[in-house]
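Engineer: Below is the structure I would like to discuss, written out as structure tokens.
The numbers here are math on the coordinates, done by the rules we state, and not lab data. Just so it is clear, the structure is predicted and the values come from calculations on it, not from any experiment. Backbone-built Cβ (ideal geometry, glycine too); neighbour counts: all protein chains shown.
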Amino acid sequence: VNGSIGCGSCAAGTFTSQVGQPECSPCPLGTSNGVTGQSACVPCSPGRFANVTGLEQCLPCAAGTAQPSNGASACVDCIAGTYIASTGGINCLLCPAGTAIGVNGSTVCIDCVAGTMQQIPGSTGCADGTLGYYSNTPTATTCTVCAAGTIANPTGPPVCTTSSLGHSPPFTDHRVCP
């Protein structure tokens, strides 16, 4: 009979809610059953899912996805600004300050390059920007003010250089950090 093994015992991945019932049913979406002869299936634990019926074991969420709930039939992509590197994720993690990611389903965050920065965890991009400041290290969370009489280099390495005009900041049209 459909899904049964001799003498009314249901196979793994199936169940019967009535003892001695000759017909077994596949475990529904979001559940599994790895043992024969069961009267119910077990909801998938957080970080796991069952997207087809009749599974013997729930599947782990792929890296870049997570599932915080029990009994899930799918995992959810980490949103931009979050990531998870391992499989079986329950919750996505915020990208640390000094990093960012602008796409969904990420397994890593990208370091802010020298000349940019990001102070806010969970950001989708790194910032260039405020006049009179610079950053010369990757993964920067703050910028350094340029000394009097210098400006942030607009096209070369992200450092302050002597102003050709001999003025102190602020200047316009120069690459700097916020």
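Engineer: Would you mind getting me the FRET efficiency between Ser69 and Val145? Use the beta-carbon distance for r and R0 = 45 Å, nearest 0.05.
Structural biologist: 0.40
Engineer: Between Leu93 and Ser39, how many nm apart are label points set 7 Å from Cα along the C-beta direction?
Structural biologist: 4.4 nm
Engineer: Need one number: nm distance between label points at Val103 and Ala85, each 7 Å from Cα along Cα→Cβ, rounded to one decimal.
Structural biologist: 1.9 nm
Engineer: Say R0 is 25 Å: what FRET efficiency, to the nearest 0.05, do Ser17 and Asn51 get from their beta-carbon distance?
Structural biologist: Values: r = 23 Å, r/R0 = 0.91.
Calculated transfer efficiency: 0.65.
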